[in-house]
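The values are calculated or read from the model by the stated rules, or taken from the named source; none is laboratory data. Keep in mind the model is a prediction, meaning the values are calculated, not measured. FYI the Cβ positions are ideal-geometry reconstructions off the backbone, even for glycines, and counts take in every protein chain you see. To get the accessible areas, we keep the full protein, side chains included, count just its heavy atoms, and leave off ligands, DNA and RNA. Shrake-Rupley method; radii C 1.70, N 1.55, O 1.52, S 1.80 Å.
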Amino acid sequence: MKISSGIKYILLLLPFVLYITSCTTVKDTRSPITQFLTKRGYSFPSSPKENSTPGKASQWPDTLYYNTVYKSKLLGSVTLPFLTSNIEIAGGIPGGKYTVLPTVSIGAGYTWFSGDFIFNENDKITVDPKVFFGLAASTGLSNGLDLKSGGLFASGFIGVSTFNLVFGYDIINHSPALGIGTRIDFFTISQKFLHVLGKVHEQRRHKSIARPIRDE
């Protein structure tokens, strides 16, 4: 059986493509904290190569240490907000009609928060969050699984722990709304989702026995 020239070309090219792919997808075997810092622009003192991410190297101290409390301007994470109850204000503020609606609503958003963090020698990052605030869009059901009653919300939120006071606008029902909800911040699932915003500094000076974080 004759093989067409096109198929011959593909068969010859396939091993080369597989080889190139394997070369470009080499698994990073360094520690999770090392990978975390590299992606966020930190230049390790022991590394011969300077990190080329513009404006990122100056964000970090020259040397980072394990078991040391660090603080930045803000921390951030993608979040999954849930709205559990909603106060719809028909007619606007002031003078509108206030209606309390049980709501099952879920969406997507981003949260910023203040707090500090520690790089632990077990390759985990401990985060101590304080006050949260953020933006989200969500949709849901209420009043007998009615989407119109449930609404489509563009909102902001502020809170502590996982509980939020939500304020925004219901795009479907054309009315301002207030609500109480909760959320899942993705950094609590994986430290890869933790974003460090602003210059980082030691909250308290590192101890003399603290081990420097190395590129390993």
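The set of residues from segment 161-202 being under 30 Å from Val69 (Cα atoms), polar (S, T, N, Q) and part of a loop (DSSP other than H, G, I, E, B) comprises Ser161, Thr162, Ser190.
Would segment 140-147 turn up any residue that is in contact with a helix residue (DSSP H, G or I) (Cβ under 7 Å, 6 or more places away or on another chain), of a type in the set (Ser, Thr, Tyr) and modelled with pLDDT under 85? Spell out the reasoning first.
Narrowing segment 140-147 to residues in contact with a helix residue (DSSP H, G or I) (Cβ under 7 Å, 6 or more places away or on another chain): 140-143.
Checking which are of a type in the set (Ser, Thr, Tyr) leaves us with 142.
Going one step further and asking which of them are modelled with pLDDT under 85, we end up with 142.
Taking every residue of segment 140-147 in turn, at least one turns out to be in contact with a helix residue (DSSP H, G or I) (Cβ under 7 Å, 6 or more places away or on another chain), of a type in the set (Ser, Thr, Tyr) and modelled with pLDDT under 85.
Scanning segment 106-141 for residues that are in a strand (DSSP E or B) and basic (Lys, Arg) yields one hit, Lys130. Scanning segment 170-185 turns up at least one residue that is within 17 Å of Leu83 (Cβ to Cβ) and free of Cβ contacts under 8 Å to residues at least 24 places away in the same chain. If you check Ser72, Ser105 for being in contact with a strand residue (DSSP E or B) (Cβ under 8 Å, 6 or more places away or on another chain) and modelled with pLDDT of 95 or more, only one passes: Ser72.
Residues in segment 149-167 that are open to solvent by less than 30 Å² (accessible area, probe 1.4 Å) and under 24 Å from the mean Cα position of the chain (by Cα): Phe153, Ser155, Gly156, Phe157, Gly159, Asn164, Val166.
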